[in-house]
Amino acid sequence: MTEKDFLSKKADGLATGGKVTWKAPSNIALVKYWGKKANQIPANPSISFMLDACATTTTLSFERKKTAGEEFSFDFYFEGKPKESFKAKISTFFGRVESYLPFLKQYHFVIETSNSFPHSSGIASSASGMAALALCLLSIEKEADPAMSEDFFIRKASFLARLGSGSACRSIEGDVIQWGETPTIPESSDLYGIKYPYPVHPNFKNFHDTILLVHKGQKQVSSSVGHDLMHGHPFAEKRFQQAHGNLERLKAIFSDGNLDAFIEIVESEALTLHAMMMTSQPYFMLMQPNTLEIINKIWEYRKETGRHVCFTLDAGANVHVLYPESEKKPVYQFICESLLQHCENGHHICDRIGFGAKKL
Ligand code: PMV
């Protein structure tokens, strides 16, 4: 599919007003997206697990204006309170998706959004937030065009979400989601995420992600600044190739359920993401001493017990501890006894692989 396929065919029959609510989960990348081209096109392919507990719920109320305005018209509430500082981001998003949702200027919107995870936990809400908003907006078009297929709806929602925040396109549907063109997955696209089209072994069902909140609060570098630093980065090309290679390797790993090989790729991807930040100009260090304490303890525990627990990182200091359902008891006990002391006030979130966004 190309961008043209997502242009709206529906100009009439739009509702005069209404209200719609979607809940979209966050996701955790296994092979990381870091670096982008114009129009939110990823520089390399990525793959992620959908999360379940960490989610954004957005209610969009819309009312047709008498005459369409020149500007986008909306109010924005975050956790019940007006939040002016978010409005610029929403306006940019509206501008990017307007050609695909040409009715945007005909309405006044009230956007009310809240996160299931604590405010300023250092967990990025852009993926779940943009996914929930894209789904709400697309629901207006779908209402006027009931013939729109479910598959197309999902695909276009992912396409729109991507224009808000790249990783948001992986927060629509599925448990394992792949985004970004790569030769070993012919269905893959730079424009939207797809449900991983190959077999995934039962070892990965119900996979756990316990998120350790090492450092709450504002990140040192926003992801858009981070992506930009990959332009002219001395290791960029090799890194992009490596991501393609890791996706290819994951095919057999997912199919055979090889947890040792899975761990090797996932941890290497996390450290590579941070290595890219540490070697860009300007350079950044987003890990904290406690991030390293946790990583070292995970390595020690794995060596001693042979259990299949590993870590991954986002562009921040928090640690995602990943482990299979069959090992959840001892691993969670280890987390409580040895790792929570490195979190701010012991804060952590018990999450696991989920199945995607829901209309409420
Ligand atoms: O979606 P963005 O632009 O916030 O970028 C997210 C980048 C990482 O979270 C670091 C990696 C990923 O693939 O999710």
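The numbers here are math on the coordinates, done by the rules we state, and not lab data. None of these values were measured; they are calculated from a predicted model. All Cβ positions, even for glycine, are placed from backbone atoms using ideal geometry, and neighbour counts span all protein chains on display.
A few remarks follow.
- Neighbour-limited loop hits for GluC sites (Glu not before Pro), the stretch 173-224 (at most 14 other Cβ within 10 Å; DSSP other than H, G, I, E, B): GLU187
- Linear extension gain, GLU237 paired with THR16, 0.36 nm per residue minus alpha-carbon span: 74.6 nm
- When Rg and the Kirkwood Rh are both derived from Cα coordinates, the Rg/Rh ratio for the stretch 3-198 amounts to 0.95.
- Sequentially through the stretch 169-178, phi angles give Karplus couplings (6.51, -1.76, 1.60; θ = phi - 60°) of 5, 9, 10, 9, 9, x, 9, 10, 10, 10 Hz, Gly and Pro residues having no value and appearing as x.
- In this rough spin-label picture, where each label sits 7 Å from Cα along the Cβ direction, the PHE152-GLN333 distance is 5.5 nm.
- Helix 259-278 and the long axis of the chain differ in direction by around 70°, with both axes built from C-alpha atoms.
- Estimated FRET transfer efficiency when R0 is 45 angstrom, pair LEU340-VAL110 (beta carbons, to 0.05): 0.70
- Gain in span if fully extended, THR279 to LEU7, counting 0.36 nm per residue against the direct Cα distance: 93.9 nm
- Anisotropy class assigned to the stretch 107-229 is oblate, per the alpha carbon gyration tensor with a/c at or over the 1.5 cut-off and a/b no larger than b/c.
- In this structure, GLU300 and PHE86 have a Cβ-Cβ separation that, at R0 = 35 Å, corresponds to a calculated FRET efficiency of about 0.25.
- Each DSSP beta bridge with both residues in the chain is either parallel or antiparallel, and the antiparallel ones are about 90%.
- Per-residue HN-Hα couplings for the stretch 194-205 [Karplus 6.51, -1.76, 1.60; θ = phi - 60°; Hz; x = Gly/Pro]: 10, 5, 3, x, 10, x, 10, 4, x, 3, 9, 6
- Three-way shape call for the chain based on the alpha-carbon gyration tensor, with the a/c threshold at 1.5: prolate
- Compactness relative to 2.2 N^0.38 Å, alpha carbon Rg of the stretch 207-352: 1.08
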